[in-house]
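The values are calculated or read from the model by the stated rules, or taken from the named source; none is laboratory data. The structure presented is a predicted model; accordingly, all values stated were derived computationally and were not measured. Virtual Cβ from ideal backbone geometry, glycine too; neighbours counted across all protein chains shown.
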Amino acid sequence: MIVERVLAAALLAAALGTAWAENGSTLASRVREGRPWLAWVEARERGVGAPPSLQLAVYDPVRRRLALIHVPGELKLDGRRTLERAYLEALKATESPDDAARAAEDLAEARLRELSPESIPPASSRLEVEIDPLEPGDEPSVESAHSLKARERRPRFWLASARSAARGLRAGDRAALDPLLFALELRRVRVEDLEPVRLPDDGQAPALLGRLLAADAPAPDDRASTVEVLNGAGVPGLASRAAKMLRFKGVDVLTTGSAPPRERTLVYDRVGDYARAEKLRLALGCPAARAVTRLDPSRAVDVSVELGGDCAGVFRPGDDKEP
């Protein structure tokens, strides 16, 4: 009887402690209210001393989707001052890469508020991820999104996150629980519901930010997608063979052509409808391919496929023959 009472008291204390901690967690509050939660992600390339790539994570707990918006270094903050220049100025003043990144994130967040038609709540956490060194044409948001997702398979990550949360809670900082709760939430997000995004220029940014931050999901667009297929793998005829295979699957491929050499295949959403690019990525039949939103109205298509060496083996000669 005594043992049972002790166990019951311990369970009650744990439940009350968890409720107390979650009550001060911005993420827990956003999940309860069904509103987006924001955090900054600093992606650092392994073995490279370059400035981190800064991305704003927008987690939608209702749809269980994560958009990762890459804010490029050339973003204009005021006049000719760019985000990269602001980072370098802060680094020179503080001699701390972490402090410089935080200063740049604060400036970027202020600029995004100016551009967005939707209210942008303050980012409540700052996360760090390591990514492989980027090759020409790579998208940092793509690599960062998959690196965030891959952390759930590492026991060391969970142990370090739990320790960090415990230290914060002991110091009275209940928001320190957010990164751990986010990692737990991210386990329920499917890979196909990761939406990497590159922030477009000022003229196109408001519409894109409005879509990503809106409380309601956009109405589905059943219009058939128009597509271009470009060969960056250096394999003659690859774009033509891929285009034929896609046409056999009912995809409206308008044009084929060449692209700068690249190793990794990317499927670009050119119109701000990521679902189109993800659907095309699945139709492509190459598991290594990744989808990303990078607006470009000048392309005059909904989706661009830039084939890299990682998908060259999928479209071998003869694979384009209709069965």
Just to check your reading of the model, which residue among Arg198, Arg170 is surrounded by fewer than 16 Cβ atoms within 10 Å (Cβ to Cβ) and either in contact with a His (Cβ under 6 Å, 6 or more places away or on another chain) or more than 16 Å from Ser125 (Cβ to Cβ) (or both)? Arg170
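What are the residues in the range 227-281 that are of a type in the set (S, T, N, Q) and surrounded by fewer than 19 Cβ atoms within 10 Å (Cβ to Cβ), if any?
The answer is Ser240, Thr255, Ser258.
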Could you tell me which of the residues Leu148, Leu134 is within 27 Å of Gly272 (Cα to Cα) and part of a loop (DSSP other than H, G, I, E, B)? Leu134
Looking at Gly172, is it in contact with a helix residue (DSSP H, G or I) (Cβ under 9 Å, 6 or more places away or on another chain) and of a type outside the set (S, T, N, Q)? no
Given the options Leu254, Leu295, name the one that is farther than 20 Å from Ala145 by Cα and modelled with pLDDT of 95 or more. Leu254
Identify the single condition in (1) of a type outside the set (Gly, Ala, Ser); (2) closer than 24 Å to Arg190 by Cα; (3) not assigned by TED's automatic domain parsing to the domain that holds Glu118 that Leu209 does not satisfy, given that it satisfies every other one. (3)
